[in-house]
1. Let me make sure I get this right: for segment 280-346, a, b and c are the square roots of the gyration tensor eigenvalues over alpha carbons, sorted descending. Under 1.5 in a/c it's rounded, otherwise prolate if a/b > b/c, else oblate. Which is it?
2. Note down, for segment 233-384, the three equivalent ellipsoid semi-axes (square root of 5 times each alpha carbon gyration tensor eigenvalue), biggest first, whole angstrom.
3. Given segment 80-229, what count of lysine pairs have C-alpha atoms under 23 Å apart, with each pair 8 or more places apart or on different chains?
4. Can you give me the distance in nm between label points at PHE305 and ARG485, each placed 7 Å from the Cα along the Cα-to-Cβ direction?
5. I'd like the carbon and sulfur percentage of the solvent accessible area for the chain, probe radius 1.4 Å, heavy atoms only, ligands and nucleic acids excluded.
6. Is the shape of segment 187-244 best called rounded, prolate or oblate, per the rule: a/c under 1.5 gives rounded, else a/b larger than b/c gives prolate, else oblate, with a ≥ b ≥ c the square roots of the Cα gyration tensor eigenvalues?
7. Quick one: helix 155-167 against the long Cα principal axis of the chain, what's the angle to the nearest 10°, folded into 0 to 90?
8. Rounded, prolate or oblate: which fits segment 405-451 when a ≥ b ≥ c are the square roots of the eigenvalues of the alpha-carbon gyration tensor, with rounded for a/c under 1.5 and prolate only if a/b beats b/c?
Amino acid sequence: MKRTLILLGLTVLCLTGSRAQDLSRSRAHSALDEFRKEARTDFENFRKQCMDDFLSFMRNPWKAFESEAPKPKPKEETVPPQVAPEEDRKAPADDTPVTIDGVVPPQPEVPQPKPAVPIEEDKGTDKSMSFTFFGTAASVHFDARSGPKLKGLDVNDIATFLETLEKNGNDRLIHDCLQIRLTRHLSDWAYLQMLQALAEAAYGKGTSEAELLKAYIYCLSGYKMRIAHNGQWVKMLFSSRNVLFGLPSFTIDGDTYYCADMIMGSMYVCEAAFPGEKQMSPGITERQQFDMRASEPRTLVSKQFADVRVTSSVNRNLLDFYATYPTSYYGGDIMTRWAMFANTPMQEEVCRSLYPQLRQLFNGRSEYEKVSRLLNLLQTGLEYEYDNKLWGGDRIFFSEESLYYPYCDCEDRAILLTRLVRDLVGLKCILIYYPGHLACAVEFNEDVKGDCIQLDGHKFIVCDPTYIGAPVGHTMKGMDNATARVILLQ
C-alpha cells in the first residue's frame, strides 16, 4: 500500500512537471512569436521611415552635375612574342634569385551588399514574368502590365513612380532577384546586368521606367546608387569599389558613380542616400551559373610534347557576359587590373571536360614535368595577335576566352597558365609585369632551376607562355626581373 502511494505520488509529480514544461514551452513560443511580431513591425516602421525620407528628399530640386569622360584603358608599347633560340633552350638556367620591391597585393574579398532591412518573401503579387539574361531563363514575381507608369520627368513624377512600386508591395520581386543572385552565384556586375534585362523585359529597352525599376531593386538589394535625369530620360548611376575603364562617370559627394550607357553631358542627380548602401565590386569569386550554350570544340596541341593534345568547349552565354565586363583597378593601383581576370575561377563545364584530359597526361609526372607540358601547350598551341588589331584597343581575356577565341596575347596566356597551374598542379603563381609584357612565375615544392624571383623567402620560377619554346625558368630576352613588378594572385 505504502509503495503504491509512493508510485502514485511520483506519477502525479511527473505529470505536474510535464504540464509545467508544456506550459513553459507554450509561454516561450508565445513570447518568441510576440518578439517576432514586434521585430517585424520595427523593421517595417524602419523601412517605411527610410523610404519616406528617401522620397521626400527626392521631391526637392536636384543638383546639376557634369559627366566626366570615360577613363581610357592604358596604352603602352607592346613587346612582340619571341621564339627561344635552340641553343638557349638547352643552356643551363641561371638560379640566382632576384628580390623585387614592387609587389601588388591581391584585392581583399568583400561580402556582397545585402538589404538594410529584411525583405519579406510573401509581400507582393502572385503574378510572375519571365525574362532571359545571357541566354539564361529566369522568372520573378512582378505584374508588368499593371506596373506604374511615368507621367513625366519632373522630380515629383519620378518620386511618385518609386513610391507606387513601394506601396504595391514588391518585396517578393526583390527576394526573387536576390535568390537568383544566390543560386546562380552571380557577381555584382552580373547581378546588375540581370536587373537590366529584367527591367527591359518589363518596360522595354531604353525606357525611363526600366531604369527606375532597376534602381528600385538595386537600391533595396543593398547597393549604392543615385538617380539622374536630363529632361529626356532617366538613368541609374551606380558606385563601384574599383575604378572602371570605358564608362562615363560623375563625382558625387566624393564618390564616383558610373552610367552603364554612354550618356555624356549635364545631368540632374538626386543625392539621396539609402541606409546601409554599399558599393558594388567587379570581382568574380565564384563560378557563375549561366545556362549552357556550348561552343564548337577546339583542339590545342603541344609541338614539343606529342602526347599533349586536348579538346575543350566553353559556354557561349558566359562569353557574352564577359564581353560586357569592364576592365578596372582597385586601391589606386592601375597594376591590379590583371588580377581581376586571373583570380576568376574556370567555369565548371570547362573543368569537367578539359581538366580530366590534362590530369590523365600528368599521371606519374613531377611538378616540373606537368608545368612544362602546360607551358609548351600554351606557347605553341595558341596563336598570338595584338589586341589593337583585333579589338581596337586593349582587352584582357578571362581563361575561357583564350580557349575560345582564335588569337590571344601575352597577358591572356599568363592568366590562363596561372589558372591551369593552380587548379591542376596545386602550385602558387604570380604575374610578372615588364613594361609592355606580362609573364608569370610558379612556386614549386621540388628543386627546380631557372630564373627566379624571391618573395618573403619563397622562390618563384619564371614561366613565360609568350617566349615560344622556352623551358621553365627562362626569361624572355630584353626583360629585366630586377625592375619588374609582381602581382600576387589568390
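1. Details: a/c = 3.05, a/b = 1.54, b/c = 1.98.
Oblate, since a/c reaches 1.5 and b/c is not below a/b.
2. Working: eigenvalues 348, 56, 41 Å².
Working from the Cα gyration tensor, I get semi-axes of 42, 17, 14 Å.
3. Taking segment 80-229 as the scope, the lysine pair count is 22.
4. Distance between the two pseudo-spin positions: 3.3 nm.
5. Numbers: 11680 of 22920 Å².
Solvent-exposed carbon and sulfur of the chain make up 51 percent of the total.
6. Working: a/c = 1.85, a/b = 1.28, b/c = 1.44.
Oblate is the answer for segment 187-244, as a/c is 1.5 or above yet b/c matches or exceeds a/b.
7. For 155-167 against the chain, the angle is about 70 degrees.
8. Numbers: a/c = 2.70, a/b = 1.42, b/c = 1.90.
In terms of gyration-tensor shape, oblate.
The values are calculated or read from the model by the stated rules, or taken from the named source; none is laboratory data. No experiment lies behind these values; they were computed from the predicted model shown. Backbone-built Cβ (ideal geometry, glycine too); neighbour counts: all protein chains shown. Only protein heavy atoms, including side chains, enter the accessible area calculation; ligands, DNA and RNA are left aside. Shrake-Rupley method; radii C 1.70, N 1.55, O 1.52, S 1.80 Å.
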